[in-house]
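The values are calculated or read from the model by the stated rules, or taken from the named source; none is laboratory data. Everything numeric in this text was worked out from a predicted model, so none of it was measured. Positions of Cβ are backbone-derived with ideal geometry, glycine not excepted, and every protein chain shown enters the neighbour counts.
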């Protein structure tokens, strides 16, 4: 691993991020990344956060057109309420703040506590839960579906609407609609090694893959002998479509887990597009790259979001963040 | 009677045992979670000990309330709010008495455990920390040793259960056959009570 010691991995990363991105305020000690121009007058603030190890999510999505602030936690561990309250206070212009929360027990508990504390300070807070992972099926007997790739869609599209000056209720309801229109499915070709543990979280022999994984090294639901890129695309896209059943065009995110080369991701995207075309699903836009990662895991995920014209327009709107940047 | 020093020793003993067992907790978490429970608990209780030394509280209730608040602001994940709420609500239930009885502690811990159940939405048998805490609270009024043994048995009894809460629940049937890391750390917290009694005090409440 390219680290000093496990204890300082998150802080070291933030220091480096500060050096690379003077347009952001990076507080290494308080663990906050904030748009330098925040609070923007009249604009709803978008705050997200979660465990570290998923970079560029979330701090890499802070900037005009997307998040106002991000709160990085320890590796794979939700941040604490203090960070979220500070972030909310830093970005609130009086128009309120939307918390974008991935559906994990820890994130939900900490953001809920933070929302209560922020409201005590007079900040209007709304919350949207992202829960797009179709691999978690049996919701009554689980913590519910995990939040994965759809987080990027929610943060981009709701962030663009907030930049247009829309009020909190509209930003919140659009964010919810984006999440409800999105589904994801992930595949691991290797396990993940956290700096704290130093050895792989689960044992995945080479020559096998794990279907339906999360983004924290949670083992998946099924293990199979290695499949081709085309076979994986068939399995992943079918799993998503079975649940989403889109009646219109979709946004496609072909996401790398961190250790899969971009060449392979593009090859995989070709297969994903083939399956979509076979199934008669039209594609509005496609994004390929490492955006919602799981440290050094090899593998990929597919996220589809059924979009209307407003969502496509907001997707195309300018964005200036470390990891997503277009249109200006 | 249990005085303020007893509660500080309880937190110190918890920090020590969590540090000793951190690798085991992380291993348990690696099997059905995300391999960080040991390091998070170690970090949290070390921070608790620091703050208790820097700002020593005056009552048993205040020790636990401060410890709980500190866990909430330093640990993160699900463990931070859950353990933080457990100690904070137990502390609040103890009120501001300078000394409390074992029965009062048992009752207060019962209130803390109820608050955890409410916050996490879990119940007995869901393969969570509650499976160690609930049986411990029932016998805590008898002795710390009984509570320790009940918590340990409860934690071991999570092995054949299927997880219905938290990250382990994503595994469905594959969560069966592994001990819940939260139940294991909860058993350490309860067990630390037996180490907090002063030498010669016998360890019973």
Checklist entry - Looking at the range B:68-90, is at least one residue in contact with a helix residue (DSSP H, G or I) (Cβ under 9 Å, 6 or more places away or on another chain) and more than 18 Å from residue A:81 (Cβ to Cβ)? => result yes
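If a residue counts only when it is crowded, with 18+ Cβ neighbours inside 10 Å and outside the structural domain of residue A:56 (by TED's automatic domain parsing), which strands (runs of 3 or more DSSP E) contained entirely in the range A:199-297 have at least 2 such residues?
Those strands (runs of 3 or more DSSP E) span A:208-211, A:250-256, A:283-289.
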Checklist entry - Looking at (1) within 14 Å of chain A (Cβ to nearest Cβ); (2) more than 17 Å from the chain's Cα centre (by Cα), which is the only condition residue B:55 fails? => result (1)
Checklist entry - Which of the residues spanning the range A:88-105 are within 14 Å of chain B (Cβ to nearest Cβ) and in contact with a strand residue (DSSP E or B) (Cβ under 7 Å, 6 or more places away or on another chain)? => result A:101, A:102, A:103
Next on the checklist: Within the range B:95-189, considering only helices (runs of 4 or more DSSP H) that don't extend past its boundaries, which have at least 3 residues that are more than 22 Å from residue B:14 (Cα to Cα) and within 14 Å of chain A (Cβ to nearest Cβ)?
Outcome noted: B:102-120
Item to check | Those residues of the range A:171-209 which are without any contact (Cβ under 8 Å) to a residue 40 or more places away in the chain and more than 20 Å from the chain's Cα centre (by Cα), in sequence order | outcome: A:197, A:199, A:200, A:201, A:202, A:203, A:204, A:205, A:206, A:207, A:208
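Answer yes or no as to whether residue A:192 is buried (at least 20 other Cβ atoms within 10 Å of the Cβ), more than 10 Å from every other protein chain (Cβ to nearest Cβ) and under 15 Å from residue A:259 (Cβ atoms). I'd like the intermediate steps shown before the answer.
Values: buried (at least 20 other Cβ atoms within 10 Å of the Cβ): yes; more than 10 Å from every other protein chain (Cβ to nearest Cβ): no; under 15 Å from residue A:259 (Cβ atoms): yes.
No.
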Checklist outcome for this item: Pairs returned, first residue in the range A:64-81 that is within 21 Å of residue B:70 (Cβ to Cβ) and more than 7 Å from chain B (Cβ to nearest Cβ), second residue that is assigned to a strand (DSSP E or B) and at pLDDT below 95, beta-carbon separation under 6 angstrom, 6 or more apart or interchain, are none
Item to check | Selected residue (only one of A:259, A:236 is more than 19 Å from residue A:316 (Cβ to Cβ) and in contact with a helix residue (DSSP H, G or I) (Cβ under 9 Å, 6 or more places away or on another chain)) | outcome: A:236
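Test residue B:50 against the stated conditions and say whether it is within 13 Å of residue B:4 (Cβ to Cβ) and surrounded by fewer than 21 Cβ atoms within 10 Å (Cβ to Cβ).
No, not satisfied.
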